[in-house]
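The values are calculated or read from the model by the stated rules, or taken from the named source; none is laboratory data. None of the values given here were measured: they were computed from a predicted structure. Using ideal geometry, Cβ is built from the backbone for each residue, glycine included, and neighbour counts are taken over all protein chains shown. Accessible surface areas use protein heavy atoms only, side chains included; no ligands, DNA or RNA. Shrake-Rupley method; radii C 1.70, N 1.55, O 1.52, S 1.80 Å.
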Amino acid sequence: MFSGDMATAGEILRRSLTDEVGVSKGSVSGSEELHVLAVDDSFVDRKVIERLLKISSCKVTVVESGSRALQYLGLDGEKSSVGFNDLKINLIMTDYSMPGMTGYELLKKIKESSAFREIPVVIMSSENILTRIDRCLEEGAEEYILKPVKLSDVKRIKDVIMGGDGKQKKRRSVRKRGREDRNLFTITIVACTVILIDCV
Amino acid sequence: MDSVVLLQRQLVDYTAQLFNEGFLDDQFNQLQQLQDESNPDFVVEVVTLFFEDSERLLNELAKALEQQSIDYRKIDAHVHQLKGSSSSIGAQRVQKVCIAFRNYCEERNIEGCQKCLQQVKNEYSLVKTKLETLFKLEQQVLSAGGSIPWPM
């Protein structure tokens, strides 16, 4: 559906964003490496999470806000963005309390997207508030971990993500469907109806 | 050789003291674990970021508390950030004051907030001095040809 030009423009945008935000290359074997997108508004925490992930043999992209994360994923309304397969993000780890867009709002946007809803999202927060935790889990977060994040947290999460690769997460279902789903559903019904009418 | 051992002993003792006095907690150990030959200055780098960030936040807090009409939400936001970054590097005493500070914010208690600002400035200043001393001791060990005995 996209013209070649628009796809290229999307690529260039993605690449310049990548340069800006600092993609760090992990070890060899790029295809088997977990690529994690980390989102945090704190300088200190960004540095720490980046190191935690790199030392755990992950490829890391760190951004400082939810809106930058959406830009990186191509979910900021730019219709010309390249699809999910080109990016290959395996995990998103986001801080909860951020100015502008909270981690919860970012989570919602990701789960509403047909391209990215399957990517596990982990929420990080310094606050142990049960209602907040419940809300995040209900919205489809993989986990809610307490800050400060430790090496053992990252290791555990990595094991879960890599271990559960074959089977999709069943215990936490995404209750809300995205707008794209509804449109697709409607189109399918209309198409089927047209076909049926045609046959009669 | 003796001087290296002595310096290492000094470093170990000083670090233990900082933990005992509550200036640092286990998160500092976590940071040490993230340092290796490929990233030999990781801890110094993170702590330096913490210093820069904290100084900015303390300035913002001082300004905010001088206003005619106090914006408690803004103050709370700054304290929350300071609490977060101090927690991330293991600066326990700074973190503890931040918790009290946030409570006063919630109560909209101006005096409590001012008291906490003073306290957090003191604690920050203390931990900064101590960490700088710690890093100096590390440098001395390395310069004398020794290695840093982390994690403890």
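Work from the charge dipole of segment B:1-132 (Cβ charges, +1 for Lys and Arg, -1 for Asp and Glu, about the Cα centre) and give the residue of B:THR48, B:SER3, B:TYR72 farthest towards its positive end. The residue sitting farthest along the positive end of the dipole is B:TYR72. With the whole protein complex present, B:ASP41 retains an accessible surface near 80 Å², based on a 1.4 Å probe.
R0 = 30 Å: FRET efficiency of B:LYS63 with A:ARG156, Cβ-based, nearest 0.05?
Numbers: r = 42 Å, r/R0 = 1.38.
Result of the calculation: an efficiency of 0.10.
Residues of segment B:62-86 losing 10 Å² or more of accessible area relative to the isolated chain, 1.4 Å probe, heavy atoms only? SASA drop of 10 Å² or more in segment B:62-86: B:HIS80, B:GLN81, B:LYS83, B:GLY84, B:SER85.
With R₀ set to 41 Å, the beta-carbon distance separating B:VAL12 from B:ALA100 gives a calculated FRET efficiency near 0.80.
How large is the accessible surface per residue of chain B, computed with a 1.4 Å probe and reported in Å² as a whole number?
Working: 7930 Å² over 152 residues.
That works out to 52 Å² per residue.
For B:LEU24, the residues whose modelled amide H falls within less than 5 Å of its own, excluding neighbours fewer than 5 places apart on the same chain, are B:PHE19, B:GLN92.
Leaving out ligands, DNA and RNA, and with a 1.4 Å probe, what % of the accessible surface on segment B:1-132 is carbon or sulfur? Whole-percent figure for carbon plus sulfur exposure: 46.
Mind checking the alpha-carbon convex hull of segment B:83-135 and giving the volume per residue in Å³? Before the final figure, lay out each step's value.
Details: hull volume 2.8 nm³, N = 53.
Taking only Cα atoms, segment B:83-135 has a hull volume of 54 Å³ per residue.
Peptide B:28-38 has a mean shielding of 3, counted as Cβ atoms of other protein chains within 10 Å of each residue's Cβ. Helix by helix, which DSSP H runs in chain B go 24 Å or more along their axis at the Cα atoms and have an average Kyte-Doolittle hydropathy of 0.5 or more? For chain B, where a helix must reach 24 Å along its axis and average at least 0.5, the hits are B:42-66.
Using Cβ point charges alone (K and R +1, D and E -1), the dipole size of segment B:1-132 about the Cα centre works out to roughly 560 debye.
Packing here is the average count of other Cβ atoms within 10 Å per residue, and on that basis the peptides A:144-151, B:78-85, highest first, run B:78-85, A:144-151.
Annotation for the B:A interface, with buried accessible surface near 1700 Å², both sides summed [1.4 Å probe; non-protein components not counted].
A compact globular protein would have a Cα radius of gyration near 2.2 N^0.38 Å; the ratio found for segment B:1-132 is 1.20.
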